[in-house]
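Following: one structure in structure tokens, then a few remarks.
The values are calculated or read from the model by the stated rules, or taken from the named source; none is laboratory data. Fair warning: this is a prediction, and the values are worked out from it, not measured in the lab. Don't worry about glycine lacking a Cβ; one is built from the backbone with ideal geometry, like all the others, and counts go over all protein chains shown. Surface areas here come from the heavy atoms of the whole protein model, side chains and all, with no ligands, DNA or RNA. Shrake-Rupley method; radii C 1.70, N 1.55, O 1.52, S 1.80 Å.
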Amino acid sequence: MTKSYSTYTEFFDQKKDIQTLIFAGKGGLGKTTLSAATSIRFSKERMTKTLVFSTDPQASLSDVFEKDVFGKGEIKLEDNLYVTEIDADREIEQYIQSVKQQIFDLYGLDKIPEEIEEYIESAKAEPAMHESATYDAMVSLVSRGEYKLFIFDMPPFGHGVRFVSTADVLDSWIHKITSMRQKAEEYDEVAAKFMGKTKQDIAEDAIMGELTEIRDRLNFFSSMLKDEDRTGFFMVLVPEQMAILDTERAITMFEHFGINISGIIVNQVYPPDLLEREDLSAFLKNKIIMQQKHLETIFERFGDKVLAVIPMYDREPKGIELLTKVAEDLFFWKRPD
Amino acid sequence: MSEIEEKTPNDEEQEEKGIRASLKRLIYGAAMHGMSRQALKSRMYFEHMFMLITLGDLMGIPILPPYYSLRILPYVVPQIKTWKRRMLKERDITDAFY
């Protein structure tokens, strides 16, 4: 990997083909704020048609932009700036309804068999369901390609990695199925010549079609995450022991799946020049000293992966005006010598 | 009797076809029946494998994310019962004979 950027701005100067930005990290560290700030910068200064995407059930994008966009589709906020906040629970509910409807239509039933109903209900309760729906929606959006830049405010990334590995597993299964099918066909030929295509074959064709499409979607997602020219993958952290350890673990995990993170953004750092003030309370003083210590650790461990350090603000950075300020801090951060 | 003697070439063809068909059946019975039974058997295994990959989590073996399993589910509704029964069945020695 030839890496020749040391700040957020340099990153974008190097990556002219960038198409997707992903912000990952634990909850409450400011992923949404940084996604929003970046989107403002791109839509305003660089005239890039940008979509910010979130599936946070707590409607955090609505909060930072101070406008209710939750579950309302793609909403235009300003020129070139679009926001969509998906109500994943509702999407899943609709998806399940469509699956049930298909069963009704295929077999002319008036009630889903108990066993099937049970399976659907347990699949719905599966925690990965929410994430899968999110990634599937991401794939749909990006492959539709109506925007120049997609910014994803990711939910805490747990099963996501499994999604990436599933693509490979599924791929090898599809190969296996295809060759098995061919073999079965060879065998079958004698008998099948008299019967023609059976119902079974037609169902299998449909399933194969679905499997191939699923594989393609998973592949799309996984190659999107791995494409370093078109995708920026940022981790957000705060100068705290736990966040540092978590980030280290996450980076190792991503690397294991062939995903290199593009950079780290340190958020919520108390301005250290406050220390020079005489009237500084002991409480704040200790907090700042502790943060500075952790910041040193962060630079030691992650070194040039750190692309920006964002201060803690005296207010919550909400609304276009304050987010523009955050964007400036983000894009004009200077690396200390 | 005279009818036979007055066979048209067309009838001859028909008769030949009939003979060929019986011959085909004979050969099929003698040689191929086993093969196609084998084929049906491997088709069954294949089907079960198919189900396992797509709906493995019904059996506690997740391969596909359940979100996508649901897309497959409608196509296999009729097979689920027999498949589950077969997968969970205890094996015994008589299995070797079929």
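For this structure, a couple of remarks:
- Taking every alpha-carbon pair under 8 Å whose residues sit at least 6 apart, chain A reaches a relative contact order of 27 percent.
- In a DSSP loop and with at most 15 other Cβ atoms within 10 Å, there are no chymotrypsin sites (Phe, Trp or Tyr not before Pro) in the stretch A:1-81.
- In whole percents, the pair-distance distribution calculated for the stretch A:207-262 from its alpha-carbon pairs, binned every 5 Å from zero, is 4, 17, 19, 18, 14, 12, 8, 5, 2, 1.
- Put a plus charge on the Cβ of each Lys and Arg, a minus charge on the Cβ of each Asp and Glu, and nothing anywhere else: the dipole of the stretch A:218-265 about its Cα centre is then about 120 debye.
- Across the cross-link table entries A:226/A:325; B:17/B:41; A:31/A:325; A:176/B:41; B:41/B:84; A:26/A:148, which are compared at the Cα atoms, the separations over 20 Å belong to A:226/A:325; B:17/B:41; A:26/A:148.
- Of the GluC sites (Glu not before Pro) found in the stretch A:273-334, those that fall in a DSSP loop while having at most 16 other beta-carbon atoms within 10 Å are A:278.
- Pairwise Cα inverse-distance average, inverted: Kirkwood Rh of chain A (Å): 22.6 Å
- Taking 7 Å steps out from each Cα toward its Cβ at residue A:140 and residue A:117 produces label points 2.7 nm apart.
- Residues listed by number, the stretch A:303-330, amide nitrogen under 12 Å from residue A:67 label point at 7 Å toward C-beta: A:319-321
- Largest first, the residues A:175, A:130, B:48 sort by 1.4 Å accessible area into A:175, A:130, B:48.
- Residue with peak Gaussian network fluctuation, chain A [Cα springs, cutoff 10 Å], from A:235, A:224, A:253: A:253
- Gaussian network model of chain A, springs between alpha carbon atoms under 10 Å - residue of A:317, A:272, A:239 with greatest fluctuation: A:272
- Magnitude of the charge dipole for chain A, about its Cα centre and with charges confined to Cβ atoms of Lys, Arg (+1) and Asp, Glu (-1), is about 860 debye.
- Residue among A:108, A:73, A:28 with the largest mean-square fluctuation in a Gaussian network model of chain A, springs linking Cα atoms under 10 Å: A:108
- ³J(HN,Hα), Karplus 6.51/-1.76/1.60, whole Hz, each residue of the stretch A:70-85, x for Gly, Pro: 5, x, 10, x, 8, 10, 8, 9, 9, 4, 6, 10, 10, 10, 9, 10
- Using θ = phi - 60° and Karplus 6.51 cos²θ - 1.76 cosθ + 1.60, couplings along the stretch A:245-252 (whole Hz; Gly, Pro as x): 4, 4, 5, 4, 4, 4, 4, 4
- Listed residue (A:28, A:251, A:140) projecting farthest to the positive dipole end of chain A, Cβ model: A:251
- Protein accessible area in the stretch A:80-137, 1.4 Å probe - carbon and sulfur %: 49 percent
- Buried solvent-accessible surface, both chains (A, B), 1.4 Å probe, Å² to nearest 100: 4300 Å²
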